[in-house]
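Here the structure is laid out as structure tokens; the discussion comes afterwards.
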């Protein structure tokens with residue numbers, strides 16, 4: 001096996017919503033950067049049919065800018081993205097062309113001077129005296145050893161943190177149960193107008209379970225008609241009926257689809273896989289197989305029972321399963337449910353969150369949804385307590401399970417990525433550790449880059 005050795009200021013592992021902006025921000029601020037990604041494109045969950053949620057708070061005011069907004073602007077310039085559309089359930093919905101995004105992601109990295117390594121994963125971390133000296137990667141017959149001053153784990157599951165021996169938590173506090181993952185897929189030739197007419201004729205189809213606090217007087221057929229680019233959550237009545245008759249192949253009580261920017265196309269967020277740990281390859285394998293087997297049966301049920309789906313067909317089953325929750329690492333600080341419910345924005349805030357608390361039941365029930373005010377994510381949540389030169393970006397940062405259910409959405413992860421990249425570059429610039437960085441300097445750089453650090457007044 002061939003061995004390569006490389007050296008950089010900053011290495012970012014994972015090119016998804018947490019890693020892509022981290023790499024670009026670090027490079028723009030003077031660091032030499034390597035971005036390592038396991039897939040053949042950048043984006044992670046940005047490429048699997050999901051929408052961008054939570055650019056706005058529940059009052060329709062912006063909470064996320066920086067690279068996340070830069071990305072939207074670049075896509076809009078190619079007619080590949082919508083504006084931010086207010087949504088009574090999700091605060092806001094921003095729809096985009098996932099394939100064009102892949103092109104834009106490469107362009108942004110190359111323009112920033114980020115070196116990219118695809119089809120590559122970390123397999124070993126060499127740790128001495130509480131610091132990562134190097135990381136061993138494997139990719140297509142190459143063993144690649146990379147040294148860096150700062151490593152940023154943006155894998156979502158915290159793969160590098162795990163290899164380095166950093167402490168982490170998993171699952172809900174009381175039970176340890178993880179939110180279930182979903183295999184996303186795309187349908188074409190769907191008449192969403194007929195779907196909305198069906199819901200309008202029977203408003204009970206829009207009634208949520210008791211654990212969802214969305215106002216169905218605002219999130220209803222009228223809303224969908226006024227906003228044809230939307231995310232639909234409903235059909236609970238039908239799903240429960242089908243489940244009782246044994247005709248529903250998924251363990252959930254609502255249908256979720258995301259309207260594509262392409263006519264007659266929707267992205268489906270409906271499969272559900274219980275007892276799956278997304279950081280366990282055996283569990284992931286089982287879930288991927290389950291998802292592919294569930295999808296044709298679910299489509300046939302929709303064609304039979306829901307007007308508008310009669311002539312639909314599958315055009316894509318996405319290659320990466322959508323994992324909602326795995327490891328959350330111990331950082332210099334931990335953000336807790338109490339703090340976000342109070343809408344606290346501490347002085348060391350480097351990103352805002354405002355998306356709903358959104359907990360999918362890992363035992364097959366419904367979903368817990370609570371609307372909250374904007375809250376601040378402190379810099380210390382991005383810095384490992386155990387490994388001096390390790391930072392985290394994305395959903396594996398130091399938060400509790402309830403906070404993770406809110407901050408895991410992609411725009412918030414991109415805002416966190418901005419902060420992680422800037423923090424890493426500052427550490428390199430001053431010859432110090434990430435935990436020693438002056439947060440006021442990070443905040444000043446983020447402000448200059450038009451990142452929003454305080455709730456809009």
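The values are calculated or read from the model by the stated rules, or taken from the named source; none is laboratory data. As the structure is a computational prediction, the values presented were derived from the model and not from experiment. Here the Cβ positions follow ideal geometry from the backbone for every residue, glycine too, while neighbour counts run over all protein chains shown.
Considering segment 349-439, the qualifying strands (runs of 3 or more DSSP E), each wholly inside and each with 1 or more residues that are within 14 Å of the chain's Cα centre (by Cα) and surrounded by fewer than 24 Cβ atoms within 10 Å (Cβ to Cβ), run over 357-360.
The requirement of being within 30 Å of residue 292 (Cα to Cα) and in contact with a strand residue (DSSP E or B) (Cβ under 8 Å, 6 or more places away or on another chain) is fulfilled nowhere in segment 142-149; no residue meets it.
Show me the strands (runs of 3 or more DSSP E) entirely contained within segment 100-209 in which 1 or more residues are more than 19 Å from the chain's Cα centre (by Cα) and buried (at least 22 other Cβ atoms within 10 Å of the Cβ). Answer list for segment 100-209: 121-128, 131-139, 142-153, 185-188. Exactly one residue out of 265, 247 is surrounded by fewer than 19 Cβ atoms within 10 Å (Cβ to Cβ) and either more than 22 Å from residue 171 (Cα to Cα) or touching a helix residue (DSSP H, G or I) at 6+ places or on another chain (Cβ under 8 Å) (or both): that is 247. A count restricted to segment 213-227 and to residues that are closer than 16 Å to residue 93 by Cα, in a helix (DSSP H, G or I) and in contact (Cβ under 8 Å) with a residue 24 or more places away in the chain stands at 3. Whether any residue in segment 327-345 is more than 23 Å from the chain's Cα centre (by Cα) and free of Cβ contacts under 8 Å to residues at least 60 places away in the same chain is what I want to check. The answer is yes, given that some residue of segment 327-345 is more than 23 Å from the chain's Cα centre (by Cα) and free of Cβ contacts under 8 Å to residues at least 60 places away in the same chain. Taken together, the residues in segment 425-457 that are over 28 Å from residue 386 (Cβ atoms) and without any contact (Cβ under 8 Å) to a residue 24 or more places away in the chain amount to 4.
Within segment 26-44, at least one residue is surrounded by fewer than 24 Cβ atoms within 10 Å (Cβ to Cβ), over 22 Å from residue 449 (Cβ atoms), in the same structural domain as residue 109 (by TED's automatic domain parsing) and touching a helix residue (DSSP H, G or I) at 6+ places or on another chain (Cβ under 7 Å). Would segment 254-265 turn up any residue that is closer than 26 Å to residue 372 by Cα, at pLDDT below 90, assigned to a loop (DSSP other than H, G, I, E, B) and outside the structural domain of residue 97 (by TED's automatic domain parsing)? Among the residues of segment 254-265, at least one is closer than 26 Å to residue 372 by Cα, at pLDDT below 90, assigned to a loop (DSSP other than H, G, I, E, B) and outside the structural domain of residue 97 (by TED's automatic domain parsing), which makes the answer yes.
Of all the residues in segment 6-34, those that are within 18 Å of the chain's Cα centre (by Cα) and in a strand (DSSP E or B) number 2.
Working only within segment 210-219, note down all residues that are at pLDDT 80 or above and surrounded by fewer than 18 Cβ atoms within 10 Å (Cβ to Cβ). Within segment 210-219, 217, 218 qualify. The set of residues in segment 325-336 that are under 22 Å from residue 58 (Cα atoms) and in a loop (DSSP other than H, G, I, E, B) contains only 336. Looking for whichever is in contact (Cβ under 8 Å) with a residue 12 or more places away in the chain and assigned by TED's automatic domain parsing to the domain that holds residue 266 here; the options are 207, 143. Which one fits? Selected residue: 207, the only one of 207, 143 that is in contact (Cβ under 8 Å) with a residue 12 or more places away in the chain and assigned by TED's automatic domain parsing to the domain that holds residue 266.
Being under 22 Å from residue 410 (Cα atoms), part of a helix (DSSP H, G or I), modelled with pLDDT of 95 or more and touching a strand residue (DSSP E or B) at 6+ places or on another chain (Cβ under 8 Å) is a property that residue 339 has. Just the residues that are on the phi < 0 side of the Ramachandran plot, part of a strand (DSSP E or B) and out of contact with any helix residue (DSSP H, G or I) (no Cβ under 6 Å at 6 or more places or on another chain), please, taken from segment 52-93. If the condition is that a residue be on the phi < 0 side of the Ramachandran plot, part of a strand (DSSP E or B) and out of contact with any helix residue (DSSP H, G or I) (no Cβ under 6 Å at 6 or more places or on another chain), then 53, 56, 62, 85, 86, 87, 92, 93 are the ones that fit. So which of 29, 39, 79 ends up being within 20 Å of residue 320 (Cβ to Cβ) and out of contact with any strand residue (DSSP E or B) (no Cβ under 7 Å at 6 or more places or on another chain)? Exactly one residue qualifies, and that residue is 39.
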